[in-house]
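Working notes for the structure below.
Just so you know, all these numbers are worked out from the coordinates, no wet-lab data involved. Values in this document were obtained by computation on a predicted structure and should not be read as measured data. Counting neighbours? That spans all protein chains shown, and the Cβs are built from the backbone with ideal geometry, glycine included.
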Amino acid sequence: MLLLDSDEVLAADVVQNCVRLCERESVGMVKIPLVFVGTDFWGKCSAYWKNCNYLVNKQIVGSVPRFFSKKIILATGLFNENLTIGEDWELYTRLRRDCVKEAYCSSRMLHLEPSSLRKISARELYYSRFIRSHSRRFKEEYMSIYENSFLSLKEALKGLGELPQLVIGSLFLLSVKTCIWAIQFAFF
């Protein structure tokens, strides 16, 4: 079973590689590496930051398996439908707790970033509404994200000489996103 969002595109051989991992190595879930792509300036800035984050810590971005053996899902169940966000983390946490074997796919998946600052901000506003409940449920994952933010920043700044506009734009977006999440956490 493959879980694919509307803003994601698979490489041609992803499903084949995932099935092979499940069959040959008795894997119950497969993580598919992500590459973030933007079509306009702000989308490219968002993609640049997320790709830097991914380089630093693969288990943060794209860390949730997207492919599952049918046997595992039938035994465990799929998502907790009471969750608005984090349902993929909850499923992964449950499967890890049950010691389900996992692997990384060698193929990639593209994640298409929103195409404007307005769309990026709207997405952050939507997801930030659930910060309190989500951060309580997944404290360990959130701590990992915070710990690796500085490493991601260091990685992003490496591109300052080559891609100054993308670096500055991605830092601006990071500031906007941080403000949105902080305001939502503090006041709502």
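Put in order of Cβ neighbour count within 10 Å, fewest first, the listed residues GLU8, GLU155 become GLU8, GLU155. Go ahead and set up a Gaussian network model of the chain, Cα springs under 10 Å, then flag whichever of SER170, SER121, SER63 fluctuates most. Ranking SER170, SER121, SER63 by mean-square fluctuation puts SER121 first. Across ARG123, ARG97, ARG108, mean-square fluctuation computed from a Gaussian network of the chain (C-alpha pairs under 10 Å connected) peaks at ARG97.
Among PRO114, PRO164, PRO33, the residue with the largest mean-square fluctuation in a Gaussian network model of the chain, with springs joining Cα atoms closer than 10 Å, is PRO164. The residues THR93, THR178, when put in order of fewest to most other Cβ atoms within 10 Å, stand as THR178, THR93. Selection among GLN184, SER107, GLY161 by position relative to the dipole of the chain gives GLN184 as farthest towards the positive end (Cβ unit charges, Cα centre).
The phi-based Karplus calculation (6.51 cos²θ - 1.76 cosθ + 1.60; θ = phi - 60°) puts the 3J(HN,Hα) values of the stretch 43-54 at x, 5, 5, 4, 5, 4, 4, 5, 5, 5, 4, 5 Hz, whole numbers, x for Gly and Pro.
With contributions of -39500 (n - 2.57) from each DSSP H run of at least four residues, the per-residue ellipticity at 222 nm computed over the chain stands at -18000 deg cm²/dmol. The relative contact order of the chain comes to 34 percent, based on Cα pairs under 8 Å that sit 6 or more residues apart. A simple packing score, the average count of other Cβ atoms within 10 Å per residue, orders the peptides 19-30, 44-55 as 44-55, 19-30, with the highest score first.
From largest to smallest, the equivalent ellipsoid semi-axes obtained for the stretch 8-187 from the alpha-carbon gyration tensor read 29, 21, 14 Å.
For the listed residue pairs LYS70/LYS177; LYS50/LYS119; LYS44/LYS154, the alpha carbons are over 27 angstrom apart in LYS70/LYS177.
Sort VAL35, VAL14 so the one with the fewest other Cβ atoms within 10 Å of its own Cβ comes first. Walk me through the intermediate numbers first.
On the way: VAL35 15, VAL14 22.
So the ranking, lowest neighbour count to highest, is VAL35, VAL14.
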